[in-house]
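S.K.: Here's a structure for you.
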Ligand code: NAD
């Protein structure tokens, strides 16, 4: 197919069920976070829409499962081609619905293309546990059935594709439920999928707050892969327990960065600041607590402040902007409460602070550093999910490791030092699903990503993630 044949129209946003644009009785509009203008009409799915999508996915499953791995790769390669053909339109759409300035939306679409293509290099082969004169014992990985992906609003495309492609590659059919705050791009991705995949294999349905529970409760759904808050993750797990659905939970984070006394202050302060404020801090694995060795604390903090002051804020059309708005009014209101704690508890700010007065439209918040607040303050203990971060002092290595591990969350953590071996020894003592040395945020389709403790259960991506879309099967052959 020529790349123009893969293009879809960006004017109508409806559910994709059985490869067809499917209207709902009611519609709703989400809001552009940069200017608070209503966007397009989108679906409000009901139980009937859920039943229709699940039944189409169930009907498509036997044939999709029967295909060989290589045949599924062939289909999914065409899907990756089709996504690339729509790259520019998806970037613009993502900018508008997620409130991402151009650099940020382009980065997410880059990650989408990477996940769509490079996940296809993964393969789960049979594992031979025993091959003797008497018998052969192997472990196979077989698909589960109808898979559902429930996705938040902060990376509406990458997180959905990161579930859909492994699910489909492993032989499952897949239904994508986007967040009501950012429903549009998922619907378009499913429409693009409908151009190249058999009906019912890949669908998207959108709606309001009651849609997620309808999907997690559905008896014909075999697995739910959920990304969102820890609080909602617990509800998803409880709902899935009724039919013992498989679950993967990618939940909240409160990532620590430990900065040692031997770092190059100019370089590391710039990197750590970027990893804390990227997408205005609305990233599960953003740096959310920065522990800096006491001997360099003042210089490091001053350098970070200069970096933060240089960040340009702007809307989805702004090619220079690093910081976009908060994605929605609910999160904006939560952050107003977080910022109000500064005055209430007398925390010192090194830069930023509560917005004095809202100017113009859009949910913008000033990037803010809280200077050495107490360890038990809410800004250290809780995930703010916005452009506000505490910087804290440390002196003793064992003590800082304990402080980093004191969180009930354990998504990611990083250690920064010019002594790689020393930093790695510290990092390996941190309780988190990803540990990084002299970086943060590094992810790849061939590496698993997920959380320890209350940051999640199971992992997406890599062969670990692919296995999460399968049941292991023990196969015994007795030689006669
Ligand atoms: P959220 O939990 O409010 O919503 C996530 C999704 O779940 C949305 O699609 C929502 O409609 C749906 N949902 C809500 N209630 C549901 C229910 N009872 N049953 C089923 N689905 C339901 O999260 P959010 O505010 O959209 O996202 C922010 C949170 O997500 C932060 O805590 C962030 O750390 C986390 N997050 C985690 C990762 C990760 O990979 N670990 C990635 C991004 C975001």
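The values are calculated or read from the model by the stated rules, or taken from the named source; none is laboratory data. None of these values were measured; they are calculated from a predicted model. So basically every Cβ, Gly included, is an ideal-geometry build from the backbone, and we count neighbours across all protein chains shown.
S.K.: Suppose we filter the stretch 404-423 for residues that are farther than 23 Å from residue 377 by Cβ and exposed (fewer than 15 other Cβ atoms within 10 Å of the Cβ); how many remain?
M.R.: Selection size over the stretch 404-423: 4.
S.K.: Considering the stretch 460-480 alone, what residues qualify as being surrounded by fewer than 20 Cβ atoms within 10 Å (Cβ to Cβ) and under 24 Å from residue 405 (Cβ atoms)?
M.R.: 464
S.K.: Residues of the stretch 193-208 being over 20 Å from residue 145 (Cα atoms) and buried (at least 24 other Cβ atoms within 10 Å of the Cβ), which ones?
M.R.: Within the stretch 193-208, 206, 207 qualify.
S.K.: If you don't mind, there's one more thing I want to ask. Are any residues in the stretch 431-453 away from the ligand (no atom under 16 Å from the Cβ) and assigned to a loop (DSSP other than H, G, I, E, B), and if so, which ones? Even if it seems obvious, please write down each step before you answer.
M.R.: From the stretch 431-453, those away from the ligand (no atom under 16 Å from the Cβ) are 437-439, 446; that's our starting set.
Selection gives 438, 439, 446.
S.K.: Another question, if that's okay. Please tell me if residue 100 is under 18 Å from residue 182 (Cα atoms), outside any helix (DSSP H, G or I) and either modelled with pLDDT under 95 or within 23 Å of the chain's Cα centre (by Cα) (or both). Give the derivation first.
M.R.: Numbers: under 18 Å from residue 182 (Cα atoms): yes; outside any helix (DSSP H, G or I): yes; either modelled with pLDDT under 95 or within 23 Å of the chain's Cα centre (by Cα) (or both): yes.
Spelling it out, residue 100 is indeed under 18 Å from residue 182 (Cα atoms), outside any helix (DSSP H, G or I) and either modelled with pLDDT under 95 or within 23 Å of the chain's Cα centre (by Cα) (or both).
S.K.: Please list, ordered by residue number, the strands (runs of 3 or more DSSP E) wholly in the stretch 168-233 having 2 or more residues that are near the ligand (Cβ under 8 Å from one of its atoms).
M.R.: In the stretch 168-233, the matching strands (runs of 3 or more DSSP E) lie at 223-227.
S.K.: Taking the stretch 323-367 as the search range and keeping residues that are surrounded by 13 or more Cβ atoms within 10 Å (Cβ to Cβ) and without any contact (Cβ under 8 Å) to a residue 24 or more places away in the chain, which one is nearest to residue 107 (Cα to Cα)?
M.R.: Within the stretch 323-367, the first condition is being surrounded by 13 or more Cβ atoms within 10 Å (Cβ to Cβ), and the residues that meet it are 323-329, 331-332, 334-336, 338-339, 341-342, 345, 347, 349-355, 361-367.
Filter again for without any contact (Cβ under 8 Å) to a residue 24 or more places away in the chain, leaving 336, 349, 353-355, 366.
Values: 336: 28, 349: 30, 353: 28, 354: 29, 355: 28, 366: 22 Å.
Filtering the stretch 323-367 for residues that are surrounded by 13 or more Cβ atoms within 10 Å (Cβ to Cβ) and without any contact (Cβ under 8 Å) to a residue 24 or more places away in the chain, the one nearest to residue 107 (Cα to Cα) comes out as 366.
S.K.: List the residue pairs whose Cβ atoms are under 8 Å apart, where the first residue sits in the stretch 217-235 and is without any contact (Cβ under 8 Å) to a residue 60 or more places away in the chain and closer than 19 Å to residue 159 by Cα, the second is near the ligand (Cβ under 10 Å from one of its atoms) and assigned to a strand (DSSP E or B), and the two are 6 or more positions apart or on different chains.
M.R.: So the pair list comes out as 232/226.
S.K.: Tell me whether the stretch 239-257 contains one or more residues that are more than 9 Å from the ligand (Cβ to nearest atom), over 21 Å from the mean Cα position of the chain (by Cα), surrounded by 19 or more Cβ atoms within 10 Å (Cβ to Cβ) and under 22 Å from residue 431 (Cα atoms).
M.R.: no
S.K.: Looking only at the stretch 274-301, filter to residues that are away from the ligand (no atom under 15 Å from the Cβ) and outside any helix (DSSP H, G or I); which one of those is farthest from residue 442 (Cα to Cα)? Steps first, please.
M.R.: Residues of the stretch 274-301 that are away from the ligand (no atom under 15 Å from the Cβ), as a first pass: 274, 277, 290-301.
Cutting the leftovers down to outside any helix (DSSP H, G or I) gives us 290-293.
Values: 290: 17, 291: 20, 292: 21, 293: 23 Å.
Looking at residues that are away from the ligand (no atom under 15 Å from the Cβ) and outside any helix (DSSP H, G or I), I get 293.
S.K.: If I ask for residues that are within 11 Å of the ligand (Cβ to nearest atom) and either outside any loop (DSSP other than H, G, I, E, B) or under 15 Å from residue 164 (Cα atoms) (or both), which ones from the stretch 454-468 would you list?
M.R.: Answer for the stretch 454-468, where residues must be within 11 Å of the ligand (Cβ to nearest atom) and either outside any loop (DSSP other than H, G, I, E, B) or under 15 Å from residue 164 (Cα atoms) (or both): 456, 457, 459, 460, 461.
S.K.: So for the stretch 4-21 (the condition being in contact with a strand residue (DSSP E or B) (Cβ under 6 Å, 6 or more places away or on another chain) and without any contact (Cβ under 8 Å) to a residue 60 or more places away in the chain), does at least one residue qualify?
M.R.: First, the residues of the stretch 4-21 that are in contact with a strand residue (DSSP E or B) (Cβ under 6 Å, 6 or more places away or on another chain): 13-17.
Adding the requirement that they be without any contact (Cβ under 8 Å) to a residue 60 or more places away in the chain leaves none.
No, the stretch 4-21 contains no residue that is in contact with a strand residue (DSSP E or B) (Cβ under 6 Å, 6 or more places away or on another chain) and without any contact (Cβ under 8 Å) to a residue 60 or more places away in the chain.
S.K.: Of all residues in the stretch 19-30 being surrounded by 18 or more Cβ atoms within 10 Å (Cβ to Cβ) and under 26 Å from the mean Cα position of the chain (by Cα), which is nearest to residue 361 (Cα to Cα)? Before you say what the answer is, go through the steps one by one.
M.R.: Within the stretch 19-30, the subset surrounded by 18 or more Cβ atoms within 10 Å (Cβ to Cβ) is 19, 22, 24, 30.
When the remaining residues are screened for being under 26 Å from the mean Cα position of the chain (by Cα), the result is 19, 30.
Values: 19: 38, 30: 16 Å.
Among them, the one singled out is 30.
S.K.: Follow-up question, since we're still on this one. Given the structure, is residue 269 touching a residue at least 12 places away in the same chain (Cβ under 8 Å), in contact with a helix residue (DSSP H, G or I) (Cβ under 7 Å, 6 or more places away or on another chain), crowded, with 20+ Cβ neighbours inside 10 Å and assigned to a helix (DSSP H, G or I)?
M.R.: Numbers: touching a residue at least 12 places away in the same chain (Cβ under 8 Å): yes; in contact with a helix residue (DSSP H, G or I) (Cβ under 7 Å, 6 or more places away or on another chain): yes; crowded, with 20+ Cβ neighbours inside 10 Å: yes; assigned to a helix (DSSP H, G or I): yes.
Considered against the rule, which asks whether it is touching a residue at least 12 places away in the same chain (Cβ under 8 Å), in contact with a helix residue (DSSP H, G or I) (Cβ under 7 Å, 6 or more places away or on another chain), crowded, with 20+ Cβ neighbours inside 10 Å and assigned to a helix (DSSP H, G or I), residue 269 comes out as yes.
S.K.: Any residue at all in the stretch 398-411 that is in contact with a helix residue (DSSP H, G or I) (Cβ under 6 Å, 6 or more places away or on another chain) and assigned to a strand (DSSP E or B)?
M.R.: Of the stretch 398-411, the ones in contact with a helix residue (DSSP H, G or I) (Cβ under 6 Å, 6 or more places away or on another chain) are none.
Within the stretch 398-411, none of the residues are in contact with a helix residue (DSSP H, G or I) (Cβ under 6 Å, 6 or more places away or on another chain) and assigned to a strand (DSSP E or B).
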